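The values are calculated or read from the model by the stated rules, or taken from the named source; none is laboratory data. If you're wondering where the values come from, they're calculated on a predicted model, not measured in any experiment. Cβ: placed from backbone, ideal geometry, glycine included. Neighbour counts: every protein chain shown. Just so you know, the surface numbers come from the protein's heavy atoms only, side chains and all, with ligands and any DNA or RNA stripped out. Shrake-Rupley method; radii C 1.70, N 1.55, O 1.52, S 1.80 Å.
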Amino acid sequence: GHVIEMGINPFISIKGEKYPLVKEEALYIDTNKESCSIGYDVAIFRLKDISSPLRLADIIPAEGKKLLSCSYKHTSSGSGLSYQEHWNFEERLGEVVHLDDNYFECYFDSALKTGSSGSPIFDGEKVVGILYGDREGKESSNKVLFLSACAIMRLLKEFGYERQ
């Protein structure tokens, strides 16, 4: 939610094609201003004619469970004519250390930095959550929160979108 709310012309890229994510066209958007445990921070869009092999898990991971976080980290360097942008794929193994109502917290050996919000975390082939950030809003942290896939599925059900 906060990525779409703060973004300037946000989009996703699938197989090299860009799809704009217009805030006013979101099925649901919430930026979780009140609480990072019971609220939501999510933007849900319906992209017609797009199918994904990714599936949301219908379980909340238990404390101690090891999960794989995957994200693209954006960096830039230089200025003027020598300005360059880089997208680096990162995989990191984290461990669930705390559960809240809609969120779970994972600990990673190395800090996750700002800019990876919205990235999935996997248990095997299922997406169990989406990266939110840390509790204190730091630039980087070893302990980060993920909105659970179960919370997202509850929202989808409210809008009449059953599991596909």
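When you go through (1) in contact with a strand residue (DSSP E or B) (Cβ under 7 Å, 6 or more places away or on another chain); (2) more than 17 Å from A149 (Cβ to Cβ); (3) modelled with pLDDT of 80 or more one by one for E24, which number turns out not to apply?
For E24, the failing item is (1).
Testing Y72 on (1) open to solvent by 90 Å² or more (accessible area, probe 1.4 Å); (2) modelled with pLDDT of 90 or more, one condition comes back false. Which one is that?
(2)
Hey, any hits in the stretch 49-60 for a residue that's of a type in the set (S, T, N, Q), at pLDDT 75 or above and more than 15 Å from the chain's Cα centre (by Cα)? Give the derivation first.
Step one: list which residues in the stretch 49-60 are of a type in the set (S, T, N, Q), which gives 51-52.
Right, trim to at pLDDT 75 or above and you get 51-52.
If we keep only those that are more than 15 Å from the chain's Cα centre (by Cα) too, we end up with 51-52.
Looking through the stretch 49-60, at least one residue is of a type in the set (S, T, N, Q), at pLDDT 75 or above and more than 15 Å from the chain's Cα centre (by Cα).
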